[in-house]
Amino acid sequence: MRSPEEHFLQLEIIMKRHATALEAEVRALQAADETAQWPADWKRGYNWRFAKIFASVKIFRNWGADAAAWKLLPSRVYPNRGNQKDESVDI
């Protein structure tokens, strides 16, 4: 049986490995689709849509709720002008 310290060290290694791979894959998709070049009206809804997809994955939603409940997340106010939901734009 592992100690809690060993368990959480291994858990951190797993999380970081998968986070690095996930970020690399997302960044590659963004680069391939040239999202930085999208018109402003497409970009306006991008962060909202991205967050919606992220939150739809049960494990991320649950872990995010736990982190928020423990006040581990930075304080942020959303949406700002750059990541508003715009129902009229289909992106």
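Overview of results
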quantity: Count of residues meeting criterion [among the aliphatic types (A, V, I, L, M), open to solvent by 60 Å² or more (accessible area, probe 1.4 Å) and modelled with pLDDT under 95] in segment 7-52; calculated: 2
quantity: Enumeration of residues in segment 66-79 that are of a type in the set (Gly, Ala, Ser) and either surrounded by 10 or more Cβ atoms within 10 Å (Cβ to Cβ) or at pLDDT below 90 (or both); calculated: Ala67, Ala68, Ser75
quantity: Hits in segment 55-65 - residues which are in a helix (DSSP H, G or I) and surrounded by 10 or more Cβ atoms within 10 Å (Cβ to Cβ); calculated: Ala55, Phe60, Arg61, Asn62, Trp63, Gly64, Ala65
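The values are calculated or read from the model by the stated rules, or taken from the named source; none is laboratory data. Here the structure is a predicted model, which is why all the values come from computation and not from measurement. Note that each Cβ is placed from the backbone with ideal geometry, even for glycine, and that neighbours are counted across all protein chains shown. Ligands, DNA and RNA are excluded from the accessible area calculation, which covers all protein heavy atoms including side chains. Shrake-Rupley method; radii C 1.70, N 1.55, O 1.52, S 1.80 Å.
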